[in-house]
Each structure stands twice: as structure tokens, then as C-alpha cells.
């Protein structure tokens, strides 16, 4: 699977934290859309989700991802691992 990976630049310098945030927002959003569609078709017999429910679940998904990114940054010790400060900057 692939993910959206745009290149953001400001004054000729790449904004990697914005690129990471964009990719995370896209992948988490698409995953939630897929989950909601499966629920609607399989479990809810076609009944649509409310706007409030979708918004709440989207915010929950992003919060879970933010917390997970922070934990992984703390646990990672490799050179290529994002530091907690870099993770915080992305969010």
C-alpha cells in the first residue's frame, strides 16, 4: 500500500514535520472512512453514521495516533528514529 507523500517547502527548505503530518492525516482519515463504510454496510444495514459520530471517531483516531507516535519516539533508540521533540513538532 502507498500513502500520500507531498513535499512541502518553505524558503527552499523541506518541511518534513508538515510532510509527516499530512501523510498521517491522510492515512488515518482513509482508514477511518474504510472502517465506517464496513460498519455501515455490514453491521448497520446501510444506516449512515451521524456527523457528530464521524467527527468524534476521527478525533479519537488522531489522538490515538499522536499518543502512539510519542511512545514510539520515546522507545526508539536508532539513529533514524524521530525524537520526542520532532514528534511533538509534527503534531
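Every number in this text was worked out from the coordinates using simple rules, so none of it is lab data. Note that the structure is predicted; figures quoted are calculated from it, not measured. When we count neighbours, we look across all protein chains shown, and the Cβ atoms used for this are built from the backbone with ideal geometry, even at glycine.
Points to keep in mind about this one:
- Shown for 13, 44: other C-beta atoms within 10 Å of each C-beta, ranked fewest to most, produce the order 13, 44.
- Segment 21-72 shape via C-alpha gyration tensor axes, a/c threshold 1.5: prolate
- Fewest-first ranking of 69, 11, using other Cβ atoms within 10 Å as the exposure measure: 11, 69
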